[in-house]
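Here the structure is laid out as structure tokens; the discussion comes afterwards.
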Amino acid sequence: MTEPNLPPHVKLDILSDPICPWCYIGKTLLDRALAAEPDHPFVVEWHPFQLNPEMPADGMDRRAYLEAKFGGKDNAVNVYAEIAKHAEAAGVKINFEAMQRTPNTIDAHRLIHWAGLEAKQSEVVDALFDAYFVAGKDIGDAAVLADVAADAGLERAVIEKLLASDNDIQAIRDRDAHSREMGVNSVPTFIIANQHVVPGAQQPELWAQVIADIKSQLASASSAEDEETPTQH
């Protein structure tokens, strides 16, 4: 029996931070598009980008952070009113009142990296977004991250041991720095086939068109290869 022709894979690299509301919205919209195209060609990998690389290790009060970041209470309120509007339009739940602290995300990024080794990145990224934006949990806290890991199917004891170490901290920082050197200055940033950059949270319709275009290109390339292959007698 011959194997079915499986679609070629195309890498979709996503630079993100689990405390970035636009990343949360962007992933929700992307997931919606991928669910509508179950034979999409994408192989997704998540990469670290800290919005606040200088954040204290134990994080800081969220209100103080936002007012400092956006230049006062009024500006912070205006910025997050716009985010709330887009989240509602996308059907994304954000519980702003529950979010009391803004964490340092280096350990969350380490967890995402380790999840990738177990092919569970998407589950962990989803769980981190849910923990922070819906439950209002401090995802800089090792116990919270261990819960996220266990819920996603990772070994809690292993993750607890890793979080207590310095494993991969420098590697995460180096990857973050490399992205900035390549010109990335905001997230989410989507990179298709290591060639095409799509910045920001995009609607499912855009992703549907991208997928259709890629499928067309792959089909054309496959047809051209078939024509070039000599027939054996």
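Bear in mind these aren't lab numbers, they're just calculated from the coordinates by the rules spelled out. Being a predicted model, the structure only gives us computed values, none of them experimental. Cβ sites come from the backbone with ideal geometry, for glycine too, and all protein chains shown count toward neighbours.
Here's how it looks for LYS11: its modeled amide H is under 5 Å from those of VAL43, ALA193, which are all 5 or more places away or on a different chain.
Just checking the listed ones, VAL134, VAL125, VAL77: in the Gaussian network model of the chain with Cα springs under 10 Å, the one fluctuating most is VAL77. Other residues whose C-beta falls under 12 angstrom from the C-beta of ASP13 contribute a net charge of +1, scoring Lys and Arg +1 and Asp and Glu -1.
Based on DSSP H segments of at least four residues, each scored -39500 (n - 2.57), the chain has a per-residue ellipticity at 222 nm of -16500 deg cm²/dmol.
Here the Karplus curve 6.51 cos²θ - 1.76 cosθ + 1.60, taken at θ = phi - 60°, turns the phi angles of the range 169-181 into couplings of 4, 5, 4, 5, 4, 5, 5, 4, 4, 4, 4, 5, 5 Hz, with x standing for Gly and Pro.
Computed over neighbours whose Cβ is under 15 Å from that of ALA33, the net charge equals -2, Lys and Arg +1, Asp and Glu -1.
In the chain, the longest principal axis of the Cα atoms and the axis of helix 142-151 are about 30 degrees apart. Rounded to two decimals, the Cα-based Rg/Rh of the chain, with Kirkwood Rh, is 1.03.
Exceedance of the 29 Å cut-off in Cα-Cα distance is limited, within the set LYS85/LYS161; LYS27/LYS137; LYS11/LYS73, to LYS85/LYS161; LYS11/LYS73. For the pair the range 46-76 / the range 81-101, the C-alpha centres are spaced 16 Å from each other. Helix 106-117 versus the longest principal axis of the chain: what is the Cα-based angle in degrees, 0 to 90, to the nearest 10? So the helix axis and the longest Cα principal axis differ by about 30 degrees.
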